[in-house]
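The values are calculated or read from the model by the stated rules, or taken from the named source; none is laboratory data. Just so it is clear, the structure is predicted and the values come from calculations on it, not from any experiment. Cβ placement follows ideal geometry from the backbone for every residue including glycine, while neighbour counts extend to all protein chains displayed. Areas reflect the complete protein model, heavy atoms only, side chains present, ligands, DNA and RNA absent. Shrake-Rupley method; radii C 1.70, N 1.55, O 1.52, S 1.80 Å.
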Amino acid sequence: MLKSKTFVKKTRSGGVMKIVREHYLRDDIWCGSEACSGCKQESTVLQTDACMESSLCSYPHYLVPDTNVVLHQIDVLEDPVIRNVIILQTVLQEVRHRSAPVYKRLKDVLHEKEKHFYTFTNEHHRETFIDREPGESANDRNDRAIRVAAKWYSQHLKTFECDKDGLKVVLLTNDQGNKQKAEESGLLVYKCEEYIKSLIANPELVDRLALSNDDKNEIGSSKVLFPEHLPLSRIQAGIKCGSFLQGTFRASRDNYLEATVFVQGEGDDSTEVLLQGLQNLNRAVHQDVVAVQLLPRSQWVAPSSVVLQDEGAAKDDDVEEEEEEKNLEQMKPTGKVVGIIKRNWRPFCGMLNVSQIKESTRHLFTPADRRVPRIRIETRQASTLAGHRIMVAIDGWPKDSRYPNGHFVRSLGSAGEKDTEQEVLLLEHDVPHQAFSQAVLSFLPKMPWAITPEDMVRREDLRHLSVCSVDPPGCTDIDDALHCRELENGNLEVGVHIADVSHFIRPSNALDKEAASRGTTVYLCGKRIDMVPELLSSNLCSLRSNVERFAFSCIWEMNHKAEVLKTRFTKSAINSKASLTYAEAQMRIDDTNMNDEITKSLRGLNKLAKTLKRQRIDKGALTLSSLEVRFHMDSETHDPIDLQTKELMETNSMVEEFMLLANISVAQKIYDEFSECALLRKHPAPPPSNYDILLKAAKSKDVEIHTDSAKALADSLDGAKVDGFPYFNTLLRILATRCMMQAVYFCSGMDSDFHHYGLASPIYTHFTSPIRRYADIIVHRLLAVAIGADSTYPDLMDKHKQSALCNNLNYRHKMSQYAQRASVAFHTQLFFKSRGILNEEGYVLFVRKNAIIVLIPKFGLEGTVFFDTKGKTVPNLVFDEEGPTLSVEQHIFCIFDKVKVTITLDDSNVQHQKIRMSLIEPVVRTQFNYSPDAEPQAKKLKLDN
Amino acid sequence: MNSVAALCLNIPDIKRCIQTEEDRTVTVRTLLLLSLWSCRSSSPGGAFGYVHSAADTWGVALAVRLPFIRSLRKNMAGLELLSDQGYRLDGRKAAELRKVQARMGVFAQADGSAYLEQGNTKALAVVYGPHEIRGSRSRALHDRAVINCQYSMATFSTAERKRRPHGDRKSTEMSLHLKQTFEAAVMTQLYPRSQIDIYVKILQSDGGNYSVCVNAATLAVIDAGIPMRDYVCACTVGFVDETPLADLCYAEESGGVSSLALALLPRGGQIALLQMDARLHQDHLEALIEAAMTACKGVSKVLDEVVRQHLQEVSSLTGE
């Protein structure tokens, strides 16, 4: 082992500091090739017959890409065709520096065995290490290092190859200068495009090539559309001195010319900066981290309530600069993007708008997510891709182009098909939905599985108890079961038994890691994406009736006033006597003829639950409302045939009460035991401004709502009634739900506010659904340690790791909810497609500047009725912020108005099929009629007169 | 954990002594193996390298309780401390030490001296004694020698020049640790009512200051001809990605690694000092100590070679 030292100078936060590091050079770094006889390596990565059929290189060869090739063409490198690639350490480090997402993807590729990617630690290899020469820039030095390493490889392979079949090394670079120098030193070198195009078997790879910078002047007109982004150094300086603000860019879903930047301030104070107009948005894409500069106060405006979609390509300049009522309270700071700190581009799902010109290879791509701008891509397969859902990645956004440039990644299938749409839905919401890998499945218990005596050592045998489960119909992942019995002293013993998933999923194995990354099971209409493999979720963990299962039991002793006298937690084995549905359980309770053990136990539970619920509501827990719909599916085609809103029965709330009680008891216990690393759930109180809309709405009906505390809100919601309007209260509760904040998981050591606002509980966690939520598994593990039934492991006690886990869980949870909603929306569309045109009654839920949003209680469906139409005479619209009301000609719409609408499916845009609503009643002076032949662009409202 | 009673010779014993936090992570502050009353009866050993049998009674004491320093878990510099290929920042593998080079007898006027480089960390150690007690006589012990250690850092030892007054907290603490380490290793009972001075100066600092000082001082003590039970070899180890890294350099130490310093009498496998200021899960402790012990044994081999070579040079000069 030779050793030498290198001196590195580094600047840090202004000051210049000399940093000296040792740098050891080794001669035991092997080349990783199967063909090599000179290296004493134990395992090889690169194959001898490294054949990628290429018209440029007919011989077997290894590829050595340089940094820019990896950064820009990672999509190509990820393709299964590309194999036997040497990634140099120099390249890896540069990629790590410049783009975290690409680095992560590169690492994934490196780990994949079939890809035969090898990392060569050239910086520490005695023969490939080079010193930076005087006057040489860091980049030039790295380029030279790559060339030296490639040179070394080709010579090394020439010398040590066992059966001389002429293995060669091909350097891929897009840099002209680098290429020339490499050629001078006798290396085989190609441009990335050249090489990919030469691959005989796979012409479609060419489409995946990212457009490199030197081609960009071909695309787009020469006129500069956007201001230049500032360099990072100036942005940093600006942020430091306070002239710029850093934040995450969030495009508006409704208006493509509007976006907000969420600026995290110190502590809790954070501001939202409003951005309006293409110039000010300046090529930022949803979720980018950007630097914004505030505009002078005179240009601050209120957010426009206009719903605006990017429909035309050219008309982008007529931004609605209407007379904004200078309502100072509504004023939001506005700003403009001056630079991008970090792009957060991912591959986007969407569809191709095939260009009008037949031979053109450039097409526009419309992402499914409306917050993402359209992307210009180049492809030769436009005709086959039309009508398909495809994925596209953005490569760059030059300042003279209206749209960003991107490239095609893969096709998902034809649009409108259920499978394709589901795939899109899952991809867009970042739901991991691949089948479980072999590594994960290998950690499943072997079947047939039975309880062994060793298992029972630390478990309590509760198999004799008459436990039963109550769930929605068709539920196969039963994670909770209950029992209740009278004790000799007259008190009641109530037990909640939760599936003991943590018995099967041991910490830090592949199964555990997979479950942690999935975070939650996602329920779509007619499909479930499991968090754990089915063997566990529907069999071994599921507390089905008449089989012996492991459980984690929480057992209380209560008196008849439902006061908890004693709480006990134990791991147990149970044998559920019945799996009931809510309706079945309700029937048993109501049927006076039935007096078996289970029914008695259910009655006892029901009685206690009612008391518990009353106590909870007295403490100020909120009862909110949201309409959930349920589809009746056709058993063969899986198409929805009927739709009804979910009904709630007494037994629903019975189960819920005990789950809440168990969660609270467990939360208290794990927090007492582990004050630093308990995983809890909190629901922050919403800021008062959130209630504005609710207050205004209630006021319009002369109802007073108090929002000072959860209790006051609950009481005033209970009291809110309007004669002759029975649905008013439900509507109000729906509005109240929209004012709430998201409940989140957090680690107790990282936060001080534990309060759960909605449940009015000082502490809360999730314990009762470990089959479908990962948070519950962690809570189970913590509780098991707390009662001495299991041992800890390092990550469980590390609050930083736990807090990172919480972030992931919160993200997955949010995304799964969105995916669920999107799935319901898609099925609603299918339903209305089969139904044709329907007339229904609904209520106005919100009033916007140019539209009203209508809720149809029968279907739990929300839709927008537009009053202005592009290219048509706009009726006289007057919008009043105070009400808020909107007067159309003579008629005034305000919240809670009853209206009658026609519901139709608008499939003019295949990508965003929409439920269209148009007004029938009240008739606004000019009559609106729906005409199905209306040109696709036009909103379906049309003036008849 | 305030008693002095526990017998501490091997890892299970240590684990028993270590305080376990309520969440089952451990923070070893400083654990010392002291020869308090122990070796009164033992016979004078050879010049160096005398090893006591394990039957000797060793006292253990948690001598110093340092302020609890919370480790910065965040990898601040954003460096990848251990690559997927198993190489560290400077190209070493996880268990590899830095290059150790040393010279003994660098100064003629002192009784013993040594200069030691471990990578870019360089230290100078000088030993005076044993001699009669300087200063107040009352410090003298009737049955063994007093060991006096002084640790300092040169003003030019770091990237930025910094005045380092004597007696600051850090160096006082370090002096104390050195003193305790050498009280465990030097056969002080041979020199009752006398004093041994050990002065160590860090000339250049690049991580592992304590261990380099111990290693340099060992050579200096040997150079002075003061009998020791064994070499005392020290090494720091850190814990990254479930892997123990031996002999941390500055970039690694400051990169948010939980590091542990261990001084070992390698032949008997006895631990003279164990120190860790970061939190670590109990399950990892054993692996970490094991790695530290292996690293220390590696250091001892190098030191042994240096001593033998020095002996050869000296004896050829004196013509023996």
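Points to keep in mind about this one:
- Residues of the stretch A:701-720 that turn out to be among the basic types (Lys, Arg) and modelled with pLDDT under 80, as a count: 1
- Close contacts from the stretch A:795-812, counting a first residue that is in contact (Cβ under 8 Å) with a residue 40 or more places away in the chain and under 14 Å from A:Leu782 (Cβ atoms) and a second that is of a type in the set (A, V, I, L, M, F, W, C) and open to solvent by 30 Å² or more (accessible area, probe 1.4 Å), with Cβ to Cβ under 8 Å and a gap of 6+ residues or different chains, come to A:Lys799/A:Met750; A:Cys806/A:Val744.
- Test: residue in the stretch A:581-589 that is open to solvent by less than 20 Å² (accessible area, probe 1.4 Å) and within 27 Å of A:Val779 (Cβ to Cβ): yes
- Comparison of A:Ala515, A:Ala551 shows that the only residue that is closer than 24 Å to A:Leu427 by Cβ, at pLDDT 90 or above and not polar (S, T, N, Q) is A:Ala515.
- Taking the stretch A:802-867 and the strands (runs of 3 or more DSSP E) fully enclosed by it, the elements with 2 or more residues that are over 24 Å from the mean Cα position of the chain (by Cα) and of a type in the set (Asp, Glu) are at A:838-847.
For (1) of a type in the set (Phe, Trp, Tyr); (2) open to solvent by less than 60 Å² (accessible area, probe 1.4 Å), each residue gets a yes or a no:
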| position | (1), (2) |
| --- | --- |
| A:Gln438 | no, no |
| A:Phe443 | yes, no |
| A:Pro448 | no, no |
| A:Val457 | no, no |
| A:Val467 | no, yes |
| A:Cys475 | no, yes |
| A:His483 | no, yes |
| A:Ile505 | no, yes |
| A:Asn509 | no, yes |
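- Residue match in the stretch A:792-802 (condition: of a type in the set (S, T, N, Q) and either away from chain B (no Cβ under 14 Å) or surrounded by fewer than 19 Cβ atoms within 10 Å (Cβ to Cβ) (or both)): no
- B:Lys93 vs. criteria over 27 Å from B:Val221 (Cβ atoms) and within 14 Å of another protein chain (Cβ to nearest Cβ): yes
- Matching option when the condition is within 14 Å of another protein chain (Cβ to nearest Cβ) and either in a helix (DSSP H, G or I) or surrounded by fewer than 17 Cβ atoms within 10 Å (Cβ to Cβ) (or both), among B:Leu311, B:Leu303, B:Leu288, B:Leu317: B:Leu288
- Residues that are within 14 Å of chain B (Cβ to nearest Cβ) and closer than 22 Å to A:Glu42 by Cβ do not occur anywhere in the stretch A:161-170.
- In the set A:Arg380, A:Arg370, only one residue is within 28 Å of the chain's Cα centre (by Cα) and in a loop (DSSP other than H, G, I, E, B); that residue is A:Arg370.
- Any hit, the stretch A:395-410, residues being open to solvent by 30 Å² or more (accessible area, probe 1.4 Å) and over 30 Å from A:Leu245 (Cα atoms): yes
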